[in-house]
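The values are calculated or read from the model by the stated rules, or taken from the named source; none is laboratory data. None of these values were measured; they are calculated from a predicted model. Positions of Cβ are generated from backbone atoms using ideal geometry, with glycine treated the same way; all protein chains shown enter the neighbour counts.
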Amino acid sequence: MRLSVAIVCKDSASTIGRTLDSVRDLADEIVAVDSGSTDATLDMLRGADARIIESEWLGYVKTKQLALDSCEGDWILALDSDESPLPELIESIKAALVSPGQHTGFEVNRKVFVHGKALNHAWQPEHRLRLVKKGLFRWQGLDPHDHLAPIDPNESISRLRGDLRHDSISTWPEFLDKQQRHAETMARSMLAEGRKPSLIKLLTSPTAALLKQLVLRQAFLDGRDGFRAAFATATATKLKHKALFRLSKGPGNPC
């Protein structure tokens, strides 16, 4: 078996159809770890002949590692349930599988789409390691900011042409609500690692995040949604540091 596609999901019916369609002619198997979907997600997975593993939510890193470990292919393409490789990337993946050279991992560029339109500047470039040789890489990081990393740092990693479409924003209010939940999760992960809150970071990091998107990434060239993306990034940064202060004081203590 050449390629497995690993997906983690829960109530992903609004996006996982595109994901499954995009890999239909690419994957030798689709492995999905589902953490309790109550919408049409499971039916859609069955329709795509996916192998479904039902599991409680273990956190981002551990749940994605479960999906990775469950794959049987020589190569694994790791996807979120709102991600789908675009045609140029699909062709790049096919070429890499035929002739990977000395490389055991490949990065792709993830690009956010809003209302069907790509943000070509906000959050760009966003290179993510997603195509890996089985057994040589593991999920690491602090929830919810997970990433694939080589077990042996000497593994050879290259980069593929084409984009990974990311349909993470249905509406901006919903996206901001998700960012607040992510900020809470990240703050808890940071505290578990022994990190301390910083007043300087609380005061300066949101502005730095905003300027990075508007000035360095030129998010304004994406129009209104580019400005929204920049301000959402700044808001998420502020929420993370505020949550870190609040949680460090223990339950019942206001920030």
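Examine segment 214-227 for a residue that is under 30 Å from residue 58 (Cβ atoms), assigned to a helix (DSSP H, G or I), without any contact (Cβ under 8 Å) to a residue 60 or more places away in the chain and not hydroxyl-bearing (Ser, Thr, Tyr), and state whether such a residue exists. Scanning segment 214-227, I find no residue that is under 30 Å from residue 58 (Cβ atoms), assigned to a helix (DSSP H, G or I), without any contact (Cβ under 8 Å) to a residue 60 or more places away in the chain and not hydroxyl-bearing (Ser, Thr, Tyr), so the answer is no. In the set (1) hydrophobic (A, V, I, L, M, F, W, C); (2) surrounded by fewer than 17 Cβ atoms within 10 Å (Cβ to Cβ); (3) in contact (Cβ under 8 Å) with a residue 40 or more places away in the chain, the condition left unmet by residue 164 is number (2).
Listed here are the strands (runs of 3 or more DSSP E) enclosed by segment 57-114 that have at least 1 residues being in contact with a Phe, Trp or Tyr (Cβ under 7 Å, 6 or more places away or on another chain) and over 24 Å from residue 188 (Cβ atoms): 105-114.
Residue count for segment 51-102 under the criterion of being surrounded by fewer than 17 Cβ atoms within 10 Å (Cβ to Cβ), of a type in the set (S, T, N, Q) and in contact (Cβ under 8 Å) with a residue 24 or more places away in the chain: the result is 1. Restricting attention to segment 232-250, the residues that are farther than 14 Å from residue 205 by Cβ and either modelled with pLDDT of 95 or more or of a type in the set (Asp, Glu) (or both) add up to 1. Residue 134 passes every criterion in (1) in the same structural domain as residue 15 (by TED's automatic domain parsing); (2) of a type in the set (D, E, K, R); (3) under 17 Å from the mean Cα position of the chain (by Cα) apart from (3). Scanning segment 10-62 for residues that are closer than 22 Å to residue 113 by Cβ and acidic (Asp, Glu) yields 11, 21, 25, 39.
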